Amino acid sequence: MDFSSYFPIWKALTPKQQQLLEQNAIYRKAEKGTIIHNGNVHCTGLLLVRRGQLRAYILSEEGKEITLYRLLDRDLCLFSATCIMNSLQFEIAIEAEKETEFWVIHPDIYKALMTESAPVAGYTNEVMATRFSDVLWLLEQILWNRLDKRLALFLLNEAELENTKTLRITHEGIGKHIGSQREVVTRMLQYFKNEGIVTLSRNTIELHDFKKLKELSK
């Protein structure tokens, strides 16, 4: 449970900065399904994942969810601490998709480090740029790409992420990830099934024809 092994630019910090950060990072565990950060809460703190998987998503007034990105081992989440960034209003929620171990870094501590450490400021800007790029890519997918392409791409990415061709996920869960209604996802999965691309059972999707999925995802 060595914080120094997981903070990405630990060696770029001074001993004093390392001590400050390590002493003020709170270690936590979250069970699958736990909401770690609510979009209405301004500053939970920065999240550094030790082990597990978190999902960052937005929620519409109608209750519709869409996944923005996932956080895996060693990933740092900035948008759970938007108070450290001036004029940035970006309300997201963060949920544990698996049992997850992580550290919460107090926003005031991290903001002080950003002010005095060029490596921390540079790394933070890189992470922020990457996350905004993820969000813009997602927006492009929703606005311009057909559902069959988005679904095929999601299934391929999910199979790679979980390292399996048997996906344990509901149709509603897929809809939350790709920004579509459960009924629409079900119809498209049924089409995939009729084409021999997948087989369907309760809360399970078995991928068979990866070649067709890759063609659809292009």
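The values are calculated or read from the model by the stated rules, or taken from the named source; none is laboratory data. Please read these numbers as outputs of a predicted model, since none were measured by experiment. Using ideal geometry, Cβ is built from the backbone for each residue, glycine included, and neighbour counts are taken over all protein chains shown.
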Residue list for region 148-169, filter: among the basic types (Lys, Arg) and not in a helix (DSSP H, G or I): Lys165, Arg168
Enumeration of residues in region 164-207 that are touching a Gly at 6+ places or on another chain (Cβ under 8 Å) and either surrounded by 15 or more Cβ atoms within 10 Å (Cβ to Cβ) or of a type in the set (Val, Ile, Thr) (or both): Val184, Val185
Filtered residue count, region 24-64, keeping only those that are aliphatic (A, V, I, L, M) and in contact with a helix residue (DSSP H, G or I) (Cβ under 6 Å, 6 or more places away or on another chain): 2
Unmet requirement for Phe79, which otherwise passes all of (1) touching a residue at least 40 places away in the same chain (Cβ under 8 Å); (2) surrounded by fewer than 18 Cβ atoms within 10 Å (Cβ to Cβ); (3) of a type outside the set (S, T, N, Q); (4) in a loop (DSSP other than H, G, I, E, B): (2)
Test: residue in region 11-29 that is loosely packed, with under 15 Cβ neighbours inside 10 Å, within 29 Å of Gly179 (Cα to Cα) and outside the structural domain of Ile178 (by TED's automatic domain parsing): yes
Condition broken by Glu101, with the remaining ones in (1) part of a strand (DSSP E or B); (2) buried (at least 20 other Cβ atoms within 10 Å of the Cβ); (3) not basic (Lys, Arg) satisfied: (2)
Members of region 38-66 found to be at pLDDT 90 or above and outside any loop (DSSP other than H, G, I, E, B), listed by number: Leu46, Leu47, Leu48, Val49, Arg50, Arg51, Leu54, Arg55, Ala56, Tyr57
